[in-house]
Number of protein chains: 4
Amino acid sequence: MENTKYESLIQTLWNCALACEHCATACLQEADVTPMAGCIKLDRDCADMCLQAARLLQRESDIALQYLLLCEEICRMCGDECGKHEHDHCQQCAEACRTCAEACHAHHQQITQS
Amino acid sequence: MENTKYESLIQTLWNCALACEHCATACLQEADVTPMAGCIKLDRDCADMCLQAARLLQRESDIALQYLLLCEEICRMCGDECGKHEHDHCQQCAEACRTCAEACHAHHQQITQS
Amino acid sequence: MENTKYESLIQTLWNCALACEHCATACLQEADVTPMAGCIKLDRDCADMCLQAARLLQRESDIALQYLLLCEEICRMCGDECGKHEHDHCQQCAEACRTCAEACHAHHQQITQS
Amino acid sequence: MENTKYESLIQTLWNCALACEHCATACLQEADVTPMAGCIKLDRDCADMCLQAARLLQRESDIALQYLLLCEEICRMCGDECGKHEHDHCQQCAEACRTCAEACHAHHQQITQS
């Protein structure tokens, strides 16, 4: 949608948000939800943060780039927690979070070095 | 903030959203999270719906009044589920949801009859 | 992300939200913003509504299908308004909104008939 | 709602978000919208950021305190821009933004010194 500069990063953020929403829902459907509490908590924050990051980039917000630093952090936290669990939805979410954390990081590096 | 017409309803929606956020967090900290899964799932939706309703009213959106009907429904569902659990956070959330459902309903009635 | 049932609809909602965010930003950068006020106002609501619809579908919310009805309506309103303006961003947004309104409608029809 | 620690800050963030939503809507209704474009753009970001900050605090998110630093910044930017305009809604919004920026700052100071 005409925002070619950040198109790939926006899509990565969106994929991460979807993975987190799915993981939280699937965690809540596990036979034993108790060990998944940490995942669900972080999935909730990570989905919110990634969606907001994508919107800020798409609308060319003055705060978007700084937001990516924070987004990277929640993605790392969520990826670390989900990575501890063997459920497919957790492993997929962990992968999406790590990819997203790296994309946020790479983008921020690129900006501050130019 | 200069939106006196809906001020009370907006505040009720906000209170409900806060109660849902708190209830979800507290449910995730219970010793046994499994029986709370339904609460957490509905708290998540209800918080999102109430916050969006409040924003739409505050910004005088053309879709705000229709949105209240849907908001009433999720508040009833969330209130019913939370009402089944004896934890303080669930009982408080159930109360906030019921108050909010009634406020949405009353407001919608008033509009469609005028 | 493992939600194959609604994957296409979720993507359509996301595309519409991005188009609305971009259109609002571009409207605010026009030489004369005054005639774009209606677009900006509806873009704001439509972006919020479509994003929330996508999240509700992805998380398999009990309220997701009803939400689509309301989402269809705001998409039609936003598409009608944007369609009146000849700027590329408005025409693209109008197209995204109409596609999204039809996708919401088709999906709802399919559900209520089955 | 049982989150007494951050209750006042959460309310300040909420008041700021409402002021921004109202200001954006009122700006869009001015006879000449063009000079208000900067306000509308920042109101949109500031409302989103303050609401998310309030939710993160209420849900005791691990990222909440860092988020306040970013929230302070967008509040300052929005307050500065709105403060340039004499409309009541802009002046009220500027005041709400400055109060909120200071509350975010004070809270962050307090935490990092303890």
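Things worth noting here:
- Annotation for the stretch D:1-91: trypsin sites (Lys or Arg not before Pro) lying in DSSP loop with at most 13 further Cβ atoms inside 10 Å of their Cβ are D:Lys84.
- Net charge over other residues, Cβ less than 9 angstrom from the Cβ of C:Ile63 (K, R count +1; D, E count -1): -3
- Distances between equivalent label points of A:Ala31 across the copies, with each point positioned 7 Å along Cα→Cβ, amount to 2.2, 7.0, 7.2 nm, shortest listed first.
- In terms of packing, defined here as the mean over residues of other Cβ atoms within 10 angstrom, the peptides D:21-27, C:89-95, A:86-92 line up highest first as D:21-27, C:89-95, A:86-92.
- Under 25 Å from the Cα of D:Lys84 - lysines, other chains or at least 8 residues apart: C:Lys41, D:Lys41
- Per-residue shielding of B:17-30, expressed as the average number of other chain Cβ atoms within 10 Å of the residue Cβ, stands at 6.
- Closest approach to the axis - chain D beta-carbon, rotation onto C, Å: D:Val33, 2
- The GNM of chain D, with springs linking C-alpha atoms under 10 angstrom apart, assigns the highest mean-square fluctuation among D:Ala31, D:Ala17, D:Ala101 to D:Ala31.
- Helix runs (DSSP H) in chain D reaching 15 Å along axis by Cα, Kyte-Doolittle at least 0.0: D:7-28, D:37-58, D:64-83
- Stokes-Einstein D (µm²/s) once Rh is taken as the Kirkwood radius of the protein assembly as shown over alpha-carbon pairs, at 37 °C in 0.692 mPa s: 150
- 7 Å along Cα→Cβ, label-point gaps from C:Glu7 to other copies, nm, shortest first: 2.1, 4.9, 5.1
- Hypothetical label at C:Leu69: residues of the stretch B:54-75 whose amide nitrogen lies under 18 Å (7 Å Cα-Cβ projection): B:63-75
- Descending semi-axes in whole angstrom, ellipsoid equivalent of the stretch C:4-113, from the Cα gyration tensor: 26, 12, 11
- Estimated 222 nm signal from helices in chain B, with DSSP H stretches of n ≥ 4 weighted -39500 (n - 2.57), rounded to 500: -27500 deg cm²/dmol
- Fully extended contour minus Cα-Cα distance, from D:Ala31 to D:Lys5, at 0.36 nm per residue: 5.0 nm
- Per residue of B:73-79, other chain Cβ atoms within 10 Å of the residue Cβ number 2 on average.
- Taken about its Cα centre, the protein assembly as shown carries a charge dipole of about 0 debye when Lys and Arg each add +1 at the Cβ and Asp and Glu each add -1 at the Cβ.
- Of the residues C:Gln92, C:Met36, C:His108, the one whose Cα sits farthest toward the positive end of the charge dipole of the stretch C:4-113, with +1 on the Cβ of Lys and Arg and -1 on the Cβ of Asp and Glu, is C:His108.
- A label point on B:His87, set 7 Å along the Cα-to-Cβ line, lies at 1.7, 4.4, 4.7 nm from each of its counterparts in the other copies, closest listed first.
Only the coordinates and a few stated rules stand behind these numbers; no lab work does. As the structure is a computational prediction, the values presented were derived from the model and not from experiment. Heads up, the Cβs are rebuilt from the backbone with ideal geometry, glycines too, and the neighbour counts pull from every protein chain shown.
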